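Written out below as structure tokens is the structure these notes cover.
The values are calculated or read from the model by the stated rules, or taken from the named source; none is laboratory data. Everything numeric here is computed off the predicted structure, so don't read it as measured data. Glycine also receives a Cβ, built like all others from the backbone with ideal geometry; neighbour counts cover every protein chain displayed.
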Amino acid sequence: HCLAVRTVCQREIDCDRGNGYSWKITLLRNYWKSKVKQEWLSGKYSNIPSQFSLPEKSMYPMDVDTWGEILEAELER
């Protein structure tokens, strides 16, 4: 599971591991973030009519660099 999460959240996983978090804690800290980030990166929310159309789990606290990745992916579409 950790390696699957790392494919989406490599920077976050590497940072947590570098800060001494165990794999278990690292997975718990990043699992849902990776799910939401993957949906954004895949374009699932590219053409929504309004913020009210977003499903409840479409948002997750993410850092500036993560949102930058998502916005770059949107610009490339």
(message) Looking only at segment 23-32, how many residues end up being in contact with a Cys (Cβ under 6 Å, 6 or more places away or on another chain) and crowded, with 16+ Cβ neighbours inside 10 Å?
(response) 2
(message) Restricting to segment 18-32, name every residue that is farther than 17 Å from D63 by Cα and of a type in the set (S, T, Y).
(response) Y21, S22
(message) For segment 54-64, check the following and say yes or no: at least one residue is at pLDDT 90 or above and closer than 18 Å to V8 by Cβ.
(response) yes
(message) Give me the residue from segment 7-22 that is assigned to a helix (DSSP H, G or I) and either at pLDDT below 90 or surrounded by fewer than 14 Cβ atoms within 10 Å (Cβ to Cβ) (or both) and, out of that set, farthest from the chain's Cα centre (by Cα).
(response) G18
(request) Look through segment 47-77, keep the residues that are outside any helix (DSSP H, G or I) and within 15 Å of the chain's Cα centre (by Cα), and return whichever of them is surrounded by the fewest Cβ atoms within 10 Å (Cβ to Cβ). (result) P61
